[in-house]
Amino acid sequence: MQKKDEKGITVKKDDDLSEWYTQLLQKADLIDYSDVSGCYILKPRSYAIWEKLQAFLDKKIKDSGAKNSYFPLFIPEHLLVKESKHFAGFTPEVAWVTETGSSKLSERLAIRPTSETIMYNSYSKWIRSHKDLPLRLNQWCNVVRWEFKHSIPFLRSREFLWQEGHSAFATKQEAEKECLEMLNYYAQAYEDLCAVPVIKGRKSKREKFAGAEYTLSIETFLPNGKGIQCATSHYLGQNFSEAFNIRFIDKDDKTKLVHQNSWGFTTRSIGIMLMMHSDDKGLIIPPNLAENKIVIVPIIIEQEKEKILKACSDVAKNLKEFNPIIDSREDHTPGFKFNDWELKGVPIRIEIGPKDIAKDSVVVVTRHDGKKNFIKMKSLKEEIKIYLEKMQQDLFDKAKKNIKNNTVIVNNWKEAEKALKEKKLIKGIWCDTMNCEEDIKNKSEGAKSLNIPLDELEVKSKKCFNCGKEASIICYFGKSY
Ligand SMILES: [Zn+2]
């Protein structure tokens with residue numbers, strides 16, 4: 001049970017992950033609950049993390065040549081049903097507006113679950129000739145998917161934030177190339193900013209996006225033994241251009257359908273990053289995502305108070321590029337402040353007291369390993385840079401090692417069953433058929449394929465680990481979110 005009046009987190013991450021996560025988010029002041037179940041308030045501390053991810057990806061997207069735009073939140077039903085497989089994939093989760101004031105609408109309006117249909121309706125009007133191609137638009141927005149599964153802030157909520165990119169090309173090659181390019185940017189955002197290692201791959205036939213020819217994804221594996229999808233990029237082929245009649249006159253004067261893709265990155269990234277790194281004391285935010293990389297805590301004795309505060313403010317000026325906070329609150333002890341900033345996940349704490357000033361040095365404590373170091377004032381800026389880089393790398397390496405140590409290669413169902421029971425990530429030669437995946441899901445109480453890794457396409461043995469039929473790919477399976 002959560003004790004609301006206690007400052008720190010009262011359960012251990014390994015003992016009760018779900019309660020630990022709930023307390024972490026609230027006590028570190030990241031989210032609050034709203035009156036609508038499954039919808040959360042992102043407070044400034046978590047929105048700042050999103051803005052960092054957003055800035056990184058927005059630059060990548062624009063540098064690649066795509067442009068930002070905005071399409072309406074409401075999608076008329078006749079558009080949503082146009083691509084039948086796509087519609088069927090979303091039907092159970094669509095929230096509808098059926099009336100305004102006291103009058104009923106003549107047509108139901110869907111609250112955007114994703115924007116393929118509304119955007120492609122415009123694309124069909126805008127694209128006439130090969131000169132109009134490629135058309136590559138991105139939008140940063142919110143989407144609503146009325147999930148009935150237990151909601152978990154960031155990981156599964158009824159409304160979330162994301163970017164969705166939608167491109168139309170004259171050729172299949174261009175559409176496929178961009179599909180992979182965007183996946184690589186997403187992988188960079190996870191690995192370089194969130195310090196979360198990912199597996200790049202293709203989704204199985206059963207798990208691909210409804211309406212796509214194929215879906216590329218990045219996936220990771222959390223310390224609690226669950227796999228999770230991080231981001232996706234879909235090659236849509238001509239499924240939507242057929243349904244929406246998006247045709248162009250090519251250089252050879254022939255009328256052709258465009259080739260399309262779509263790609264998305266969501267606030268789920270924040271939840272994955274938090275679950276991956278944070279600990280019993282609270283948040284651990286990788287330095288590359290931290291708004292304030294340093295907190296300076298003065299250790300005050302009354303007769304030297306002014307001198308100490310002056311030293312703190314000098315250090316803060318010197319370290320300005322790391323956006324430091326000086327915690328000079330007078331009604332709290334240094335010990336209280338240490339715990340408070342550990343809970344909030346500031347990467348580095350600097351302690352400055354009279355003894356430190358006498359020695360012309362400061363105490364530097366790194367959040368992820370709790371190590372204490374004495375650093376000379378004159379080399380502080382350079383040292384801090386090194387500590388932050390090392391922390392970013394340490395977090396990535398730890399997560400990578402955890403994934404490696406928990407991945408089991410399986411040759412048959414017996415081995416797979418045992419490993420899944422032990423909460424491992426499994427990897428085996430597989431047939432990628434709907435029936436086989438359904439069978440695995442039923443037998444294992446919910447394990448599903450994560451993805452088929454892009455860098456391991458060649459396999460020697462040719463028997464599916466589950467059904468024994470001829471198989472030519474390798475796939476990851478696990479219990480997952
Ligand atoms: Zn099989």
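A few comments on the model shown:
- Per the listing 174, 178, the residue uniquely surrounded by fewer than 21 Cβ atoms within 10 Å (Cβ to Cβ) and either assigned by TED's automatic domain parsing to the domain that holds residue 271 or hydrophobic (A, V, I, L, M, F, W, C) (or both) is 174.
- Subset tally (residues that are exposed (fewer than 15 other Cβ atoms within 10 Å of the Cβ) and closer than 17 Å to residue 242 by Cα) for region 124-142: 4
- Looking only at residues of region 43-78 that are surrounded by 17 or more Cβ atoms within 10 Å (Cβ to Cβ) and of a type in the set (Gly, Ala, Ser), we find that the one that is farthest from residue 239 (Cα to Cα) is 46.
- From the list 469, 463, the one residue that fits, being loosely packed, with under 14 Cβ neighbours inside 10 Å and within 10 Å of the ligand (Cβ to nearest atom), is 469.
- A count restricted to region 234-276 and to residues that are part of a helix (DSSP H, G or I) and either open to solvent by 30 Å² or more (accessible area, probe 1.4 Å) or in contact with a Lys or Arg (Cβ under 8 Å, 6 or more places away or on another chain) (or both) stands at 6.
- Flag if residue 396 is among the hydrophobic types (A, V, I, L, M, F, W, C), within 12 Å of the ligand (Cβ to nearest atom) and either assigned by TED's automatic domain parsing to the domain that holds residue 209 or closer than 21 Å to residue 198 by Cβ (or both): no
- Qualifying residues in region 324-375 (those that are over 31 Å from the mean Cα position of the chain (by Cα) and polar (S, T, N, Q)) - the one least open to solvent (accessible area, probe 1.4 Å): 361
- Residue 185 satisfies every condition listed in (1) open to solvent by 10 Å² or more (accessible area, probe 1.4 Å); (2) assigned to a helix (DSSP H, G or I); (3) farther than 23 Å from residue 47 by Cα; (4) modelled with pLDDT of 95 or more except (3).
- Of all the listed residues (382, 302, 351, 306), the sole one being within 27 Å of residue 279 (Cα to Cα) and out of contact with any Phe, Trp or Tyr (no Cβ under 6 Å at 6 or more places or on another chain) is 351.
- Flag for residue 405 being open to solvent by 60 Å² or more (accessible area, probe 1.4 Å) and either outside the structural domain of residue 215 (by TED's automatic domain parsing) or at pLDDT 95 or above (or both): yes
- Subset tally (residues that are open to solvent by 40 Å² or more (accessible area, probe 1.4 Å) and either hydroxyl-bearing (Ser, Thr, Tyr) or under 24 Å from residue 97 (Cβ atoms) (or both)) for region 143-157: 5
- Selection from region 408-447 of residues that are assigned to a strand (DSSP E or B) and either open to solvent by 50 Å² or more (accessible area, probe 1.4 Å) or free of Cβ contacts under 8 Å to residues at least 40 places away in the same chain (or both): 408, 409
- Test: residue in region 291-311 that is on the phi > 0 side of the Ramachandran plot and in contact (Cβ under 8 Å) with a residue 24 or more places away in the chain: no
Matching residues to (1) buried (at least 17 other Cβ atoms within 10 Å of the Cβ); (2) among the hydroxyl-bearing types (Ser, Thr, Tyr); (3) in the same structural domain as residue 70 (by TED's automatic domain parsing):
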| residue | (1), (2), (3) |
| --- | --- |
| 80 | yes, no, yes |
| 90 | yes, no, yes |
| 94 | yes, no, yes |
| 98 | no, yes, yes |
| 108 | yes, no, yes |
| 117 | yes, yes, yes |
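- Count of residues meeting criterion [within 16 Å of the ligand (Cβ to nearest atom) and out of contact with any Gly (no Cβ under 7 Å at 6 or more places or on another chain)] in region 440-460: 8
- Of all the numbered requirements in (1) of a type outside the set (Gly, Ala, Ser); (2) more than 16 Å from the ligand (Cβ to nearest atom); (3) closer than 22 Å to residue 218 by Cβ, residue 372 misses one, and that requirement is (3).
- Residue identified as modelled with pLDDT of 95 or more, of a type in the set (Asp, Glu) and away from the ligand (no atom under 16 Å from the Cβ) among 437, 382: 382
- Restricted to region 1-104, the set of strands (runs of 3 or more DSSP E) holding at least 1 residues that are under 18 Å from the mean Cα position of the chain (by Cα) and of a type in the set (A, V, I, L, M) comprises 31-33, 40-42.
- Residue 163 over 11 Å from the mean Cα position of the chain (by Cα) and surrounded by fewer than 23 Cβ atoms within 10 Å (Cβ to Cβ): yes
- Of all residues in region 417-434 being within 15 Å of residue 227 (Cα to Cα) and touching a Phe, Trp or Tyr at 6+ places or on another chain (Cβ under 7 Å), the one that is farthest from the ligand (Cβ to nearest atom): 425
- Hits in region 161-182 (condition: among the acidic types (Asp, Glu) and not in a helix (DSSP H, G or I)): 164
The values are calculated or read from the model by the stated rules, or taken from the named source; none is laboratory data. Keep in mind that this is a model prediction, so the values were computed, not measured. A quick note on method: Cβ atoms are made from the backbone with ideal geometry, for glycine too, and the neighbour counts reach across all protein chains shown. Please note that ligands, DNA and RNA were not included when accessible areas were found on the heavy atoms of the full protein model with its side chains. Shrake-Rupley method; radii C 1.70, N 1.55, O 1.52, S 1.80 Å.
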